[in-house]
Amino acid sequence: MTTVAIALAISFLSLVIAAVSLGWNIYRDVVLKPKLRVAISVAKVIREPHGTNLDRVFVTVTNFGPGKTRAEMLTLRPQYWRRLLRKPPRYAVVIYDYQDPLSGRLPAALAVGEKVDLTFRFGSDLFLADEKFSQIGVSDAFGRTHWCDRSEYRRAQREYRNLTRGR
């Protein structure tokens, strides 16, 4: 091989390495953003020493990373068939009781692996009582909304209805 061919091979190899490095930096800084997981459940809170049970709805937001982010606001999504029929989407924002000592607070800064638990008291105006919504989600600092599973939301709605019927 001549020295010109060796110089071209080294230049081509350095070009490939620089392109891969540039691609990784773009992916890391633009595409790879923290992912939040939203879970919803209906559970009892047992108060000691009295032993009284309080029924609550729990919304848990967990940061799966990479990196830190902030959980900003809870949002309700309309049912799927309403969106398919092109009815005007009626998203809703969930405002919770800031005075509740059992509930976390939003906005919440979350490092990787951290979570915030939001609790809601049972009542006729609770969002699970409204049949028009199919999911709950939380918006993050990048403006994206992370939704819970539809099946998880439906299961929580069924449990909520069953517990409120008995009251």
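Since every read-out is calculated from the coordinates, none of them should be taken as a lab result. Every value quoted in this text rests on a predicted model; they were computed, and no experiment measured them. Here the Cβ positions follow ideal geometry from the backbone for every residue, glycine too, while neighbour counts run over all protein chains shown.
Do the sum for the chain: with -39,500 (n - 2.57) for every DSSP H run of n ≥ 4, divided by all residues, what is the mean residue ellipticity at 222 nm, to the nearest 500 deg cm²/dmol? List each step's numbers first, then the result.
Details: 3 runs with 45 residues, N = 167.
Value at 222 nm, helices only, nearest 500: -9000 deg cm²/dmol.
For F12 and F122 in the same chain, what is the full-extension length gain: residue separation times 0.36 nm, less their Cα-Cα distance, in nm? If you can, show how the numbers build up before the last one.
Numbers: separation 110, 0.36 × 110 = 39.60 nm, distance 6.60 nm.
Gain on extension, F12 to F122, equals 33.0 nm.
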If one compares the long axis through the Cα atoms of helix 3-26 with the longest principal axis of the Cα atoms of the chain, the angle in degrees, nearest 10, works out at 10
Output ordering of 115-122, 129-136 (per-residue mean of other Cβ within 10 Å, highest first) is 115-122, 129-136
Expected unfolding gain across F142-K44 under the 0.36 nm per residue rule, minus the alpha-carbon gap, is 31.9 nm
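Neighbouring Cβ atoms within 10 Å as the yardstick, rank Y27, Y153 fewest first. Could you put the intermediate results ahead of the total?
Details: Y27 10, Y153 23.
The order, fewest Cβ neighbours first, is Y27, Y153.
How high is the relative contact order of the chain? Use alpha-carbon pairs under 8 Å, at least six apart in sequence, and give a whole percent. Before the final figure, lay out the partial values.
Numbers: 264 pairs, mean separation 41.6, N = 167.
Once normalised by length, the contact order is 25 percent.
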In this structure, the FRET efficiency calculated for Y27 and K132 from their beta-carbon separation, with R0 = 41 Å, to the nearest 0.05, is 0.60
Given (1) 30, 20, 16; (2) 47, 20, 12; (3) 23, 20, 15 as possible values of semi-axes √(5λ) of the Cα gyration tensor in Å, the one from the coordinates is (2)
